[in-house]
Amino acid sequence: MQQIILGGDSLWLGRGAVKELGTLQAKRAFIVTGGSSMKRYGFLEQAEVALRSTGCEVYLHEGVPANPDTEAVLAGVRAMREFQPDLVLAMGGGSPIDAAKVMTLFYEYPELTFAAAREGRLPQKRQRTRLVVAPSTSGTGSEVTWAAVVTFREDEIKIGLKSNAFIPDIAILDPELTLTMPAAVAAETGMDAVTHAVESYLNKKRNPFSDCLAKEAVAGLLRHLGASCGGDEEAREEVHYLQCMAGLAFHNTGLGLSHGIAHAIGGRYGLGHGLINAIALPYVLRYNRRDDWAKGREQELAKAAQVPDLAEALLKLRRAVAIPHSFADVLSLREWQDGLESVTAKALLGSTQVNPAEIDAEEMKNLLNMIYDGRLDDVALI
């Protein structure tokens, strides 16, 4: 295992890194996970054995759903308050990791409410509970960011809550956990990572450090993602590290229009976050070319990735990993029309507000309809 120190936090890299959990000397560990893959392939057992080897008590909180909502988070908080852990370990995809981040903060601060969280009134430090995460998918970057995405079902929207207290103390990048991913999951989460890196580089809050991380992530993901989705273990390991680099990049800059769209559509229809970003990103790049600075930055990324045109390279990659071309491939026309007004309004919030090219409601609706119809070449006409 290799350890990298980032300020007061650290990354554990390498195959079998999960087995090093016993070095943490915790007394009561609360493990948060989603579906059954971590148990089925023995990774939960590895974690439990390592933790119990030092006399640590372990509680397993399973079944966190995809796109966790406020009720799923509060269910975990209630279990935490009963068990009283001093360490929280999240294992799995972005959903259990994000849920664990919020659970842990609500556990430490019983007076917290989601109303306060939506208004940005969150504590910025955990006082007594260490947070450790071990992602099994390669895309969200949640293991190194201050964001946690929660679905507010009553409003049909996903919101990225933010607090420094959400940054894990330790992120375990054990590529063995990713080998269980089906090709479709590897493709969607990988394209989410591409979107993180691209939107970080095109964000006007960029800095020299985020630039280096984002450039390397884009170039590497374009090079390795196809092979990773095909089952190449070395490529999958590379993608796992590259997606973390993309997470570090956007953590320090913010994102953009593609994520604004993804949170609105994900909240309305429950589609996978990576899938939505994968569909939307080439259209967003075309739209952002109206901003000269963003256009120049996109060209820099293309040069770094050694491709003539970044949007065209993304389209080629999407086809190679079987990502649909439009929202019409995943939503019926009636579903789309029924939700369009709501999605348009919500897509203007959040990450869209820091997009390099401004967009108003009419332009957003036109763009969304073009993404639904697959009319990529028409985006320049908006």
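Computed quantities for the displayed model
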{"quantity": "Given (1) in contact (Cβ under 8 Å) with a residue 60 or more places away in the chain; (2) over 24 Å from residue 229 (Cα atoms); (3) open to solvent by 60 Å² or more (accessible area, probe 1.4 Å); (4) hydrophobic (A, V, I, L, M, F, W, C), index of the condition residue 333 fails", "calculated": "(1)"}
{"quantity": "Residue match in segment 181-193 (condition: over 16 Å from the mean Cα position of the chain (by Cα), surrounded by fewer than 20 Cβ atoms within 10 Å (Cβ to Cβ), assigned to a loop (DSSP other than H, G, I, E, B) and not hydrophobic (A, V, I, L, M, F, W, C))", "calculated": "yes"}
{"quantity": "Residue count for segment 314-325, restricted to those that are under 22 Å from the mean Cα position of the chain (by Cα) and open to solvent by 50 Å² or more (accessible area, probe 1.4 Å)", "calculated": "4"}
{"quantity": "Residue among 311, 278, 294 that is under 16 Å from residue 218 (Cβ atoms) and buried (at least 24 other Cβ atoms within 10 Å of the Cβ)", "calculated": "278"}
{"quantity": "Yes/no for residue 381 being open to solvent by 90 Å² or more (accessible area, probe 1.4 Å), farther than 17 Å from residue 256 by Cβ and at pLDDT below 95", "calculated": "yes"}
{"quantity": "Unmet criterion (only one of (1) assigned to a helix (DSSP H, G or I); (2) touching a residue at least 24 places away in the same chain (Cβ under 8 Å); (3) more than 15 Å from residue 200 (Cα to Cα); (4) under 23 Å from the mean Cα position of the chain (by Cα)) for residue 340", "calculated": "(4)"}
{"quantity": "Top-ranked residue in segment 64-73 [being assigned to a helix (DSSP H, G or I) and touching a strand residue (DSSP E or B) at 6+ places or on another chain (Cβ under 8 Å); ranked as farthest from residue 152 (Cα to Cα)]", "calculated": "73"}
{"quantity": "Count of segment 132-158 residues which are open to solvent by 10 Å² or more (accessible area, probe 1.4 Å), part of a strand (DSSP E or B) and out of contact with any strand residue (DSSP E or B) (no Cβ under 6 Å at 6 or more places or on another chain)", "calculated": "1"}
{"quantity": "Strands (runs of 3 or more DSSP E) wholly inside segment 1-63 that include at least 2 residues being farther than 12 Å from residue 174 by Cβ and free of Cβ contacts under 8 Å to residues at least 60 places away in the same chain", "calculated": "2-6, 28-33, 57-61"}
{"quantity": "Residue that is modelled with pLDDT of 95 or more, more than 21 Å from residue 194 (Cβ to Cβ), open to solvent by 10 Å² or more (accessible area, probe 1.4 Å) and touching a Leu at 6+ places or on another chain (Cβ under 7 Å), where the choices are 328, 345, 305, 361", "calculated": "361"}
{"quantity": "In segment 159-180, the residues that are open to solvent by 40 Å² or more (accessible area, probe 1.4 Å), of a type outside the set (S, T, N, Q) and more than 18 Å from residue 233 (Cα to Cα)", "calculated": "162, 169"}
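Each row is one residue, and each column tells you yes or no for (1) touching a strand residue (DSSP E or B) at 6+ places or on another chain (Cβ under 8 Å); (2) surrounded by fewer than 18 Cβ atoms within 10 Å (Cβ to Cβ); (3) under 30 Å from residue 252 (Cα atoms).
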site	(1), (2), (3)
12	yes, no, yes
16	no, yes, yes
24	yes, no, yes
54	no, yes, no
78	no, yes, no
86	yes, yes, yes
89	yes, no, yes
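The values are calculated or read from the model by the stated rules, or taken from the named source; none is laboratory data. Nothing here was measured: the structure is a model prediction, and the numbers come from that model. Ideal geometry is used to build each Cβ from the backbone, glycine not excepted, and the neighbour counts take in all protein chains shown. Heads up: the accessible areas ignore ligands, DNA and RNA and are worked out on the full protein's heavy atoms, side chains in. Shrake-Rupley method; radii C 1.70, N 1.55, O 1.52, S 1.80 Å.
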